[in-house]
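For reference, the structure discussed in these notes is given below.
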Amino acid sequence: MICPKCKAEYREGFYKCADCGIDLVAELPLEAAPEAIFKDPVEVFSTYQQSEIAFVKSILESEGIPYFFQGDSSLLISAAGAYARLFVDAKDADRIRELLHELELSVPESENI
Ligand SMILES: [Zn+2]
């Protein structure tokens, strides 16, 4: 088990980091790179709005579509005008764009990464 914050390693049976007080994870999350998750990632959406991020995530999860939000931590977004970018696999991209369009969320033009 590993603390996602301070990266301390714990034996099996530990669930919280003694230093940070946060839940341990079995594996560290992948570094923020959509390429690590999708062979052919396509950016289908970007937003500054936490509410939109949460909304889109809930849709994708209910549809069972794998996705990757780059930079979706609230700290990152509220700081310095950063924004979250949604990536999905190329094979799901058209479907997601359609879905987002129906939901009247802004969809950026298709662009190569
Ligand atoms: Zn820790």
Filtered hits (lysines, Cα-Cα < 22 Å from Lys7, offset >= 8 within chain) -> Lys16
Checking rank on 40-51, 12-23, 55-66, with mean other Cβ inside 10 Å and highest first, the result is 40-51, 55-66, 12-23
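Can you give the FRET efficiency for Cys6 and Ala90, using 1/(1 + (r/R0)^6), R0 = 41 Å, r = Cβ-Cβ distance, to the nearest 0.05?
0.70
Excluding Ile59 itself, calculate the net charge of residues whose Cβ lies under 14 Å from the Cβ of Ile59, where each Lys or Arg counts +1 and each Asp or Glu counts -1. Could the numbers behind the result be given before it?
On the way: positive: Lys57, Arg95, Arg97; negative: Glu52, Glu61, Glu63, Asp92, Glu98, Glu102, Glu104.
Value of the local net charge: -4.
What order do you get for Leu24, Leu103 when you list them from fewest to most C-beta neighbours inside 10 Å?
Working: Leu24 17, Leu103 12.
Starting with the residue having the fewest Cβ neighbours, the order is Leu103, Leu24.
Where a number appears in this text, it was derived from the coordinates with a stated rule and is not lab data. In this text the structure is predicted, and so the values were computed from the model without any measurement. Note: ideal-geometry Cβ built from the backbone for every residue, glycine included; neighbour counts use all protein chains shown.
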